[in-house]
Amino acid sequence: MGDPSGIGPEIIAAALADPAVTGICRPLVLGDRVAIERGIAVAGAQLSIVSAPDLVPPVDPAPGTIYLRELSALQPDQMLYGRPTPAGGDACYRYICTAAGLCMDGTVAAMATAPINKESLNSAGHQFPGHTELLAELTGGHEVVMMLAGDRLRVTLVTIHEALSRVPELVTFDRVLSTIRITHDSLSRWFCKTPRLAVLALNPHCGEGGMFGDEETRIIAPAVAAAREEGIDAVGPLSADTLFHFAAQGGYDAVVCMYHDQGLIPLKLLHFDDGVNVTLGLPIIRTSVDHGTAYDLAGTGKASPASMKAALVMAAQMAQAVTHAGPQDPSPSGRGCPKGG
Ligand SMILES: NC(=O)c1ccc[n+]([C@@H]2O[C@H](COP(=O)([O-])OP(=O)(O)OC[C@H]3O[C@@H](n4cnc5c(N)ncnc54)[C@H](O)[C@@H]3O)[C@@H](O)[C@H]2O)c1
Ligand SMILES: N[C@H](C(=O)O)[C@H](O)COP(=O)(O)O
């Protein structure tokens with residue numbers, strides 16, 4: 001359900017009132033009854049709540065119904081809009097842990113998360129920069145990669161939630177190569193058979209022959225060469241300022257970026273409304289909205305549910321791909337692939 005003080009409950013209600021979502025999956029909400037009731041009212045949705053303490057939704061769920069596992073019973077002062085609390089952060093932690101557990105034991109096929117406030121998660125004593133790192137730990141310490149995807153562009157990140165000043169020391173040969181590998185393997189599995197990857201430079205103009213930095217020649221180019229030797233269709237390092245123009249025109253299936261804002265600024269410029277965050281490298285399927293808790297909009301009914309809907313639909317499609325193709329079979333599409341799903 002995400003942060004009870006943010007827009008999570010209302011965008012969930014809006015998404016679950018849409019037959020395009022409920023037609024492709026049987027959603028089970030992990031959250032707080034009062035927060036979801038409030039979200040339904042804010043979204044103006046015609047939905048009723050059915051408690052599902054131990055059950056998943058039935059094969060033929062009743063229309064207009066939200067199946068809810070109540071994992072918290074927050075007091076009104078613990079879910080004031082725009083006012084995160086440690087209790088709310090702790091509740092988010094429980095929702096995420098329970099969802100991961102249900103995915104790991106096969107009770108559910110996938111999880112899609114609404115936004116959390118990272119500060120409130122940490123104020124509750126859970127020291128994680130976000131869902132991504134928490135899920136990596138909960139599911140066995142896998143190396144994970146954050147991908148954000150829309151119809152025109154997909155980006156993956158070598159470094160995620162890090163201070164910009166630390167990025168150069170974190171961009172290592174091993175990290176760049178493993179990000180390329182995980183991007184390639186995950187795209188091959190879920191989205192397209194032979195993905196074409198562009199790998200970005202860290203510095204302007206690829207370091208301009210060493211004038212503006214040498215990470216390109218020391219680290220990124222050797223990592224790209226190593227990936228190519230493994231049969232991965234990756235090119236780079238390429239200058240970030242121009243590459244996105246070509247990637248958005250369909251030149252690449254994903255762009256491997258060195259740091260958070262290098263990739264997420266172009267992605268959100270093109271896809272703020274409908275982008276989906278996917279955690280690659282986990283043993284479970286996890287998607288998420290591409291935006292935050294939007295405290296300025298919480299309770300106003302103005303928040304767009306489009307990214308929440310897209311995250312639910314993508315999670316369901318990924319789960320169906322596993323069911324229909326088997327876990328190791330990539331989708332049957334040829335070279336290059338439609339983005340977003
Ligand atoms: N998936 C996640 O859990 C996730 C993702 C991003 C940010 N966050 C967290 O959210 C908190 C707030 O982050 P922020 O302010 O940088 O980003 P934000 O996305 O919450 O807000 C940025 C701007 O976008 C607008 N906005 C966000 N979602 C919208 C929607 N659905 N419809 C219309 N407008 C929308 C907001 O009103 C605000 O003006 C932080 O704690 C951050 O870490 C969580
Ligand atoms: N970097 C993401 C974004 O800006 O959308 C976001 O913070 C989500 O992170 P988690 O999925 O790890 O919570």
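The values are calculated or read from the model by the stated rules, or taken from the named source; none is laboratory data. All figures in this text were calculated on a predicted structure; none of them were measured in a lab. Glycine gets a Cβ as well: all are built from the backbone with ideal geometry, and neighbour counts include every protein chain shown.
When both residues are 6+ apart or on different chains and their Cβ atoms are under 6 Å apart, which pairs have a first residue that lies in segment 233-255 and is at pLDDT below 95 and crowded, with 22+ Cβ neighbours inside 10 Å, and a second that is part of a loop (DSSP other than H, G, I, E, B) and among the aliphatic types (A, V, I, L, M)?
As it stands, the answer is none, since no pair meets every condition given.
Confirm whether A87 is within 20 Å of G6 (Cβ to Cβ), out of contact with any helix residue (DSSP H, G or I) (no Cβ under 8 Å at 6 or more places or on another chain) and free of Cβ contacts under 8 Å to residues at least 40 places away in the same chain.
Here the answer is no, as A87 does not meet what is asked.
Can G292 be described as in a loop (DSSP other than H, G, I, E, B), surrounded by fewer than 22 Cβ atoms within 10 Å (Cβ to Cβ) and within 13 Å of ligand 2 (Cβ to nearest atom)?
yes
I'd like the residue in segment 122-149 that is β-branched (V, I, T) and either surrounded by fewer than 16 Cβ atoms within 10 Å (Cβ to Cβ) or more than 10 Å from ligand 2 (Cβ to nearest atom) (or both) and, out of all such residues, is modelled with the lowest pLDDT.
Filtering first and then ranking leaves T139.
Inside segment 61-154, counting only strands (runs of 3 or more DSSP E) that do not spill past its ends, which hold 2 or more residues that are more than 15 Å from ligand 1 (Cβ to nearest atom), in contact with a Gly (Cβ under 8 Å, 6 or more places away or on another chain) and more than 30 Å from A248 (Cβ to Cβ)?
Counting at least 2 such residues, we get 65-72.
Name the residues in segment 251-286 that are among the hydroxyl-bearing types (S, T, Y) and closer than 18 Å to G236 by Cα, would you?
Passing the criteria: Y252, Y259.
Specify the residue that is surrounded by the fewest Cβ atoms within 10 Å (Cβ to Cβ); the eligible residues are those in segment 28-59 that are touching a strand residue (DSSP E or B) at 6+ places or on another chain (Cβ under 7 Å) and part of a loop (DSSP other than H, G, I, E, B).
Top of the filtered list is P53.
For residues that are under 19 Å from L177 (Cα atoms) and without any contact (Cβ under 8 Å) to a residue 40 or more places away in the chain, tally how many sit in segment 134-161.
Selection size over segment 134-161: 1.
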